[in-house]
1. Roughly speaking, what is the centre-to-centre gap between segment A:55-91 and segment A:311-370 when only Cα atoms are used, to the nearest Å?
2. What does the structure give for B:14-21 when I average, per residue, the other chain Cβ atoms found within 10 Å of the residue Cβ?
3. Take the alpha-carbon centre of segment A:129-188, take the same for segment B:9-47, and report the distance between them in whole Å.
4. Rounded to the nearest 20 Debye, what is the dipole magnitude of segment A:213-287 about its Cα centre when Lys and Arg each give +1 and Asp and Glu each give -1 at the C-beta?
5. Counting pairs of alpha carbon atoms under 8 Å apart in space and at least six apart in sequence, what relative contact order in percent does segment A:370-492 give?
6. Could you give the size of the charge dipole of segment A:433-550 about its Cα centre, using +1 on the Cβ of each K and R and -1 on the Cβ of each D and E, expressed in debye and rounded to the nearest 20?
7. Ranking A:231, A:413 by Cβ neighbours within 10 Å, fewest first, what do you get?
8. Tell me the relative contact order for segment A:205-426 as a rounded percent, counting alpha carbon contacts under 8 Å between residues six or more apart.
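Rule-based calculations on the coordinates, nothing more; no lab input. Here the structure is a predicted model, which is why all the values come from computation and not from measurement. Cβ sites come from the backbone with ideal geometry, for glycine too, and all protein chains shown count toward neighbours.
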Amino acid sequence: MAEADRQQQVRRPRLGTGQIALESAEPIAEPSEQVRSSHRFSDPALSELSLETLLDELLNRTQEALGVDTVAILLLDGEAQQLVARAAKGIEEEVERGVRIPIGRGFAGRIAAERVAIFIADVDHADVLNPILREKGIRSLLGAPLIVEGTLIGVLHVGSLTPRTFGQDDLAVLQLAAARAAPAIERASLRAQLAHEHSVSVALQRSLLPKGMGEFTGMRVAVRYVPAREEVGGDWYDVIELPRGRVGLVIGDVVGHGIAAAALMGRLRTSLHAYAIEGHGPGRTLELVDRFIQSLNEPAMATAAYAVFDTYNSMVQYATAGHLPPVVVSGAEARVVEVTPAPPLGAFPYGRIPEHEIGLAGGDILFLYTDGLVERRGVPLSDGIDALAQSVRGAVSAEEACVAAVADLVPLEGLRDDVAIVALQSSLVPSELHLRLPAEPKTLAQVRRILRRWLVERGANEGDVAEVTIAVSEACANAIEHAYPPAPASFQLDAWGNNGEITVAVRDTGQWRSTRGQNRGRGLSIIVAAMDDVQIDRLDSGTEVVMRRRLRQT
Amino acid sequence: MSLADVQITLAPNALVAHVTGEIDMSNAEEMGATVIGATPIEAQGVVLDLSKLDYLDSAGIYVIYGMRSSLQARGQALILVIPPRSPVHDALRLSGAEHPGEVTEAVEDALRAFDRVDPPSP
């Protein structure tokens, strides 16, 4: 396929074509004037600079040494497996828009994944993901990985507004810059992280996704926060893990700007989160936050929407207090979900906030955002929202929807108002499950979440779901108990169904241990009582439990 | 988010533990130890409210049996709150086990079962 060809092309240098990979191991010819001038990268003073100053200094020196129009440094966000634009010259928009490039994709993504330098002679005919590079009229690009002690930390790339063939000398300079810059960036980043822990404003501006929430069973979430160019704003998002396989998504916007708005935002975010984990529905949660604002006895107003996504049935309970309507992406289509909004929080005392239901098909994306993304002076708000729907339609992931919206709607000159985005994609449920799972007790809860969603999708009713879930969870508990050394600590779960009958097989590689006390015996009774047919095979290679049940359905 | 939550309140003669979320082999023992550890020696017993519990497996049932034994050894009783048609009711039905202790449908019924002793006057 084309993608495979392209990758081949990258590995085998071929002059005259779009891209040439220059293996870092290749010997570098005679040092030229340029290379000698690049001793400046090893300036010991660099190691004493703060991260921001250091990056700026590196950009300047690289630009000067290579005589290029643009320089950018992207650093790895290991958790998200993305490169984040961190500093740039000539293409400052990269940083302002918070450009994120998935590892392995596009120009910078491939440099990171393959850890090779890449040269692109003609941007128009190459696989370049970042729209800003094209928008700025960059013709040629050269980039190198930033590596510290064998670990990739980012990518350094330079660009030219006129077509330019970067040669071995240029590459040598860039690689030298990368080699010198990487450890200095690493050191400065560590120092900066420590400093950031004490910096409230940074915590507010760059709050991250709760750990591990990017990939929750049954859904995927992506978020963005793009600060305004000049003033601190009061936009926020939140992602809240709730009991019974549910996830809460919050988007909000405090009216006003500056420190006061940011401080109120922090209080509202906390109060909403606290009410949400108490188990209140979205309408009631917003009513309680409204009551909280009223109790402050100070003029304060905010719009907010709270959506609770249920991973079992892919339904969203949604409530809004004066917030802009969400967009739902379904394949190539995107629709604006208009619901009658209640007044903003803090507007009128003791209002009732109704709840609405939004059904998501597997693969659909719920996209929540703040007005900074769609509001443009002199343009009706509805046009901005339509432009957003146009931008995100066809996105294949929550992450891609965020990338598209930011690229299309955040203007090059930066934002007057800050923007928060939280997007959730309901996972496609496969018709069959084939899972290799770690043999640990905490796996059981995950198995039940996956299985419940799968069963609902197969047409199981509530009773089916409850009984099959407990039977399979018991079989998995058996497998986990069998997994003692030296057996490998994992087991296999397969599930399939046809004609209203489902079959679930749980296989481990441990030895069957005879029933230990009443406990395991009771587990087996549950399996037998819940399923129509149960077969247990104790083999030398492990134990297999195959369970069948005809769904009662509704 | 932990899988289950235990909220404990003290009635005049008994400790009431409301268990919500899901109990399985990953957290059953911890739940049992939490409740037993919080039970004052002078209480007549424990009301284990399982009415809002979404999931209970055989490991959980086993731990409840263990709780009953521990309490009995201290001369204390265990009363379970399990309404009909609740997930816990179904789990016990499937396990075929006899109920691990006295069962009522509501917390108030359970509390009534303990002797009424007026709280000490201030």
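1. Distance between centres, Cα-based: 38 Å.
2. Details: counts 0, 0, 0, 0, 0, 0, 3, 3.
Mean partner-chain Cβ count within 10 Å for B:14-21: 1.
3. So the two Cα centres are separated by 60 Å.
4. Numbers: 8 positive and 9 negative charges, 41 e Å.
Rounded to the nearest 20 debye, it is 200 debye.
5. Numbers: 90 pairs, mean separation 29.0, N = 123.
That works out to 24 percent.
6. Details: 16 positive and 15 negative charges, 61 e Å.
I would put it at about 300 debye.
7. Working: A:231 15, A:413 9.
Ascending Cβ contact count within 10 Å gives the list A:413, A:231.
8. Numbers: 515 pairs, mean separation 57.6, N = 222.
Worked out over segment A:205-426, it gives 26 percent.
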